[in-house]
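The values are calculated or read from the model by the stated rules, or taken from the named source; none is laboratory data. Note that the coordinates shown come from a computational prediction; the quantities given were computed from them, not determined experimentally. In this analysis, Cβ positions are derived from the backbone assuming ideal geometry, glycine residues included, and neighbour counts consider all displayed protein chains.
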Amino acid sequence: MNKLIAPSVLAADFANLQRDVEMINQSEADWFHIDVMDGVFVPNISFGMPVISAIKKHAKKTMDVHLMIVNPDQYITTFKNVGADILTVHYEACTHVHRTLQAIKAAGMKAGIALNPHTPIAVLEDVIKDIDMVCLMSVNPGFGGQSFIENTYKKVKQLKNLIEFSGATTLIEIDGGVTDKNAEQLVEAGADVLVAGSYVFGSQDPIATIQDLKNRIS
Ligand code: DX5
Ligand code: ZN
């Protein structure tokens, strides 16, 4: 499959959000990665429904919404209504992962499960065929601009093995600390989607940076 780049809007200039959304539209990026933080599951608060609706108004690409919130079940249809195409919840925030996956799909979205850096791949063994995408956190969730955790490579390989062994079609997304230094190695290990926030938005020319990342992984 074609490898994908998903710039994280968390690193955008919120006072110029439409400009940054248009930049992603015009770039080689494949998806919008949208980080929702509740100040409970993670020690930070980002943005919620009104901001996602505003992004959706201008976004011309897939909306990949990453929920770093407790009790995600209670908002599934709301996130569908504000424009999510893929809805990812954290394994660590769900008591009934299988039920949550079915509810996301029933609402008409692709279903993702995110794993914190300390959560082993093995916890997904019995639900892997129900998951459209696994988001492997390569930093501790809550903030952009953190350093990539090297143990992620091992987890990508383990997850890839589990997906192939199970005959699943699950995508592997990597989130946190992605740069030109690790993009190729992540894709070689089995990653399908790379999220990049501060590396893209902190660069002089974000469109060229996205293009460069895309070239490295194609
Ligand atoms: C972290 C978020 C990430 C973040 C990535 O909690 O889930 O999506 O925006 O940002 P960078 O690429 O700066 O690590
Ligand atoms: Zn994210």
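Tabulated data for the structure shown
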{"read-out": "Matching option when the condition is crowded, with 17+ Cβ neighbours inside 10 Å, modelled with pLDDT of 95 or more and either farther than 15 Å from HIS33 by Cβ or not hydroxyl-bearing (Ser, Thr, Tyr) (or both), among ALA208, ALA122, ALA189", "value": "ALA189"}
{"read-out": "Residues of the stretch 84-103 satisfying the condition of being acidic (Asp, Glu) and within 15 Å of ligand 1 (Cβ to nearest atom)", "value": "GLU92"}
{"read-out": "Hey, VAL178 surrounded by 19 or more Cβ atoms within 10 Å (Cβ to Cβ), within 12 Å of ligand 2 (Cβ to nearest atom) and more than 22 Å from ILE69 (Cα to Cα) or not", "value": "yes"}
{"read-out": "Cβ-Cβ under 8 Å pairs, at least 6 apart or on other chains, the stretch 44-68 side more than 16 Å from ILE24 (Cα to Cα), far side part of a helix (DSSP H, G or I) and modelled with pLDDT under 95", "value": "none"}
{"read-out": "Cβ-Cβ under 7 Å pairs, at least 6 apart or on other chains, the stretch 122-150 side within 16 Å of LEU10 (Cβ to Cβ), far side acidic (Asp, Glu)", "value": "CYS135/GLU173; CYS135/ASP175; MET137/ASP175; SER138/ASP175"}
{"read-out": "Options VAL9, VAL21; residue that is aliphatic (A, V, I, L, M) and over 16 Å from the mean Cα position of the chain (by Cα)", "value": "VAL21"}
{"read-out": "Test: residue in the stretch 135-148 that is within 18 Å of THR169 (Cβ to Cβ), touching a strand residue (DSSP E or B) at 6+ places or on another chain (Cβ under 7 Å) and buried (at least 20 other Cβ atoms within 10 Å of the Cβ)", "value": "yes"}
{"read-out": "Only listed residue being within 13 Å of ligand 2 (Cβ to nearest atom) and within 21 Å of ILE217 (Cβ to Cβ), chosen from LEU136, LEU171, LEU159", "value": "LEU136"}
